[in-house]
Amino acid sequence: MTDVVIQISPEIGRREATTVLTQLVGAPVGALFPGTDDPEMQSWLHVALPSDRDADEVVRELVGHRYVESAYVKPPESVP
């Protein structure tokens with residue numbers, strides 16, 4: 001699986017964005033920081049893509065969407 005991080009426009013509600021973007025990418029989109037009340041942190045979402053999806057292609061699709069301010073493939077975590 002590959003994680004993609006998404007920042008949505010602040011004017012767009014997170015619930016609406018999650019529904020629309022889930023349909024767009026074909027995988028469940030969720031809050032990157034669930035439970036936060038901070039509006040800035042509420043604008044960050046993520047999706048775990050199945051291995052058969054091209055993450056770079058999904059990022060291109062997301063960046064072209066009017067709800068999305070930015071999107072990127074999350075780099076693999078490394079041990080310090």
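The values are calculated or read from the model by the stated rules, or taken from the named source; none is laboratory data. Keep in mind it's a predicted model, so treat the numbers as computed, not measured. We place every Cβ from the backbone using ideal geometry, glycine too, and count neighbours over all the protein chains shown.
General remarks:
- Unique match (being under 9 Å from the mean Cα position of the chain (by Cα) and either surrounded by 12 or more Cβ atoms within 10 Å (Cβ to Cβ) or among the aromatic types (F, W, Y) (or both)) among A31, A17: A31
- Matching residues, the range 2-23, being at pLDDT below 90 and either at positive phi or of a type in the set (S, T, N, Q) (or both): none
- Selection of the range 1-14 for residues being surrounded by 15 or more Cβ atoms within 10 Å (Cβ to Cβ) and closer than 16 Å to S70 by Cα yields D3, V4, V5, I6, Q7, I8, I12, R14.
This table checks each residue for (1) at pLDDT 95 or above; (2) within 11 Å of the chain's Cα centre (by Cα).
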residue	(1), (2)
V25	no, yes
D37	no, no
P50	no, no
G64	no, no
S70	yes, yes
K74	no, yes
E77	no, no
